[in-house]
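> Below is a structure I'd like to ask you about.
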Amino acid sequence: MKQKLSAIDIKKNFPRFIAADSKTVAVLQQAAELAASEVDLLLVGESGAGKELLAHSIHELSSRAAGPFIPLNVSAFPETVFEAELFGYEAGAFTGAAKRRQGWYEQAHGGTLFLDEIGHLPLSQQVRLLRVLQEKAFHRLGGRKLIQADVRVMAATDRDLDKLVEQNQFLRSLYFRFPARLVLPPLRARPADIPALVRYFLVVYTRKHQKNLISVSAEAMAYLKRQSWPGNVRQLLSVLEVAVIHADPTRQTLEVDDVEPLLKGWEDTPARLVSGSGLAGLDHLRLDQICELAIRQRLEVYRGNKSKAAESLGISRGTFRAWCKKDGIEADE
């Protein structure tokens, strides 16, 4: 039986990560195991979930830690430029190529090359990448000499590669050149990470911006935990930093009204809050009917106690009262 990573192990082996949720710990467990191998690796997850951070951590845990870690966003280059950037070129290979230039693959010799957004790579460039992964050798653009480089390749995507393969937009053979895969769950699927991230970065940002904030109110934390975070950790940290910058300088606690305006249009609908509440067969109901049903069910469970019903839904009592008023629901404490 594999020994689980302890909090001390996580802090030691993954100093770049704040992992409080069991799902995140499970991913780091797999990452620690894969770090010892030389296998090319594919990381899958939504934008902002921490794929590059995880790839860098795996590199630092591996035998290649002393070598370079070179991140390259493949979608940032036009198709005609990508090949020259990745493999380099010889002098005179094209107009403007005055002298030889090493490509990123060659510069990653002895280390790791991280290819982000590989799902956006054009088919013509996928063929070149596949050949390099198979042969571990390449030609510079305009060159005849076969160059070998000792490189571990990690790639990342936020796209469904299985679907792209079916649509003939991604080479099946390239897909299978990444035998090891890690799936990093979105932030909304690992809610226990949110308080840990908020508390840690509140300290970072208050020091950076010389503020007096020292804590987050229970209501504000509950509000942050129930957001869907389409931008994941990147979005959470951006919202938190801006909230710290604009917070009332006389207050020492971050409140809901400090973060709510920054998330307008991105808040979760109450419909998500009924998941796991025992309500089934809701696909025939409108959103307002689902919300009313969830409210009535929680009031029944907690015998009309709005405070406890609100807490069970992870919202403030004021918000719960507003929902009740909107749906014409009355309940006594």
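The values are calculated or read from the model by the stated rules, or taken from the named source; none is laboratory data. Given the structure is predicted, the values throughout are model-derived calculations rather than measurements. Note: ideal-geometry Cβ built from the backbone for every residue, glycine included; neighbour counts use all protein chains shown. Remember, those area values only see protein heavy atoms, side chains included, never the ligands or the DNA or RNA. Shrake-Rupley method; radii C 1.70, N 1.55, O 1.52, S 1.80 Å.
> How high is the relative contact order of the chain, in percent, counting Cα pairs under 8 Å that sit 6 or more residues apart? All intermediate terms of the calculation are to be shown ahead of the outcome.
On the way: 498 pairs, mean separation 56.2, N = 333.
Rounded, it is 17 percent for the chain.
> Now for a separate question. Take the chain, connect every pair of alpha-carbon atoms lying under 10 Å apart with a spring to form a Gaussian network, then pick out the residue of Gly111, Gly143, Gly88 with the largest mean-square fluctuation.
Result for the chain, Cα springs under 10 Å: Gly143 fluctuates most.
> Still on this structure: May I ask you to order 103-110, 12-19, 152-159 by the average number of other C-beta atoms within 10 Å around their residues, highest value first? Don't jump to the answer; show the numbers that get you there.
Numbers: 103-110: 18.9, 12-19: 16.8, 152-159: 22.6.
Ranking, from highest mean packing down: 152-159, 103-110, 12-19.
> Dipole of the chain (Lys/Arg Cβ +1, Asp/Glu Cβ -1, origin at the Cα centre): which of Gly67, Ile194, Phe178 lies farthest to the positive side?
About the Cα centre, the residue reaching furthest to the positive side is Gly67.
> A further question on this structure: When the Kirkwood radius is taken over all Cα pairs of the chain, what Stokes-Einstein diffusion coefficient follows at 10 °C and 1.306 mPa s, in µm²/s? Provide the component values of the computation, followed by the final result.
Details: Rh = 23.1 Å.
My calculation gives 69 µm²/s for D.
> Please find, in a Gaussian network model of the chain (springs between Cα atoms separated by less than 10 Å), the residue of Leu224, Leu313, Leu28 whose mean-square fluctuation is greatest.
Leu313
> For the chain, which whole-number percentage of the solvent-accessible area (1.4 Å probe, protein heavy atoms only) is attributable to carbon and sulfur atoms? Provide the component values of the computation, followed by the final result.
Details: 8950 of 17530 Å².
Whole-percent figure for carbon plus sulfur exposure: 51.
> Let me ask something else about it. When the dipole is taken about the Cα centre of the chain, and only Lys, Arg (+1) and Asp, Glu (-1) are charged at their Cβ, what size is it in debye, to the nearest 20? Walk me through the numbers on the way to the answer.
Values: 45 positive and 40 negative charges, 154 e Å.
So the magnitude is around 740 debye.
> Moving on. Return the lysines within reach of Lys99: Cα separation strictly under 27 angstrom, same-chain partners fewer than 8 residues apart disregarded; answer none if there are no such residues.
List returned: Lys136, Lys145.
> Next question. Over region 23-111, calculate the relative contact order: mean separation of alpha carbon pairs under 8 Å at least 6 apart, over the residue count, as a percent.
Values: 74 pairs, mean separation 21.9, N = 89.
Taking the mean separation of contacting Cα pairs over the length of region 23-111, I get 25 percent.
> Using just the helices of the chain, give the 222 nm mean residue ellipticity in deg cm²/dmol: DSSP H runs with n ≥ 4 each add -39,500 (n - 2.57), and the total is spread over all residues, rounded to 500.
Numbers: 15 runs with 144 residues, N = 333.
Counting only the DSSP helices, I get -12500 deg cm²/dmol.
> Treating the beta-carbon of each Lys and Arg as +1 and of each Asp and Glu as -1, no other charges, what is the dipole magnitude of region 1-130 about its Cα centre, to the nearest 20 debye? Could you put the intermediate results ahead of the total?
Values: 12 positive and 15 negative charges, 82 e Å.
Around 400 debye, computed over region 1-130.
> Another question about this same structure. When N is the residue count of region 138-246, what does its C-alpha Rg come to as a fraction of 2.2 N^0.38 Å?
Numbers: Rg = 21.4 Å, N = 109, 2.2 N^0.38 = 13.1 Å.
Output field value: 1.64.
> Farthest toward the dipole's positive end in the chain, which of Val233, Val259, Leu299, given Cβ charges of +1 (Lys, Arg) and -1 (Asp, Glu) about the Cα centre?
It is Val233, whose Cα lies furthest towards the positive end.
> Given a 1.4 Å probe, how much area per residue of the chain is accessible, in Å²?
Working: 17530 Å² over 333 residues.
Computed with neighbouring chains in place, this is 53 Å² per residue.
> Here is a follow-up. Quick check: with the 1.4 Å probe, what order do Arg64, Arg234, Arg188 take by accessible area, largest first? Don't jump to the answer; show the numbers that get you there.
Values: Arg64 20, Arg234 140, Arg188 90 Å².
Highest to lowest solvent-accessible surface, that is Arg234, Arg188, Arg64.
> Using the Cα centre as the reference, give the magnitude of the dipole from point charges on the C-beta atoms of region 56-188 (Lys, Arg: +1; Asp, Glu: -1; all else neutral), rounded to the nearest 20 debye. Intermediate values should be presented prior to the final figure.
On the way: 17 positive and 14 negative charges, 79 e Å.
Computed about the Cα centre, the dipole is about 380 debye.
> Can you give me the distance in nm between label points at Val204 and Gln148, each placed 7 Å from the Cα along the Cα-to-Cβ direction?
4.2
> Mind ranking Val203, Val132, Val216 by accessible surface for me, highest first, 1.4 Å probe? Write down the numbers at each step before the final one.
Numbers: Val203 65, Val132 5, Val216 30 Å².
Result, largest first: Val203, Val216, Val132.
> For region 41-193, what relative contact order do you get, as a whole percent, if you take Cα pairs closer than 8 Å and at least 6 residues apart?
It comes to 35 percent, rounded to a whole number.
> If packing is taken as the mean number of other Cβ atoms within 10 Å per residue, what is the order of 205-211, 95-101, highest first? Mind dumping the intermediate values first?
Working: 205-211: 14.0, 95-101: 11.0.
Put in order of decreasing packing, that is 205-211, 95-101.
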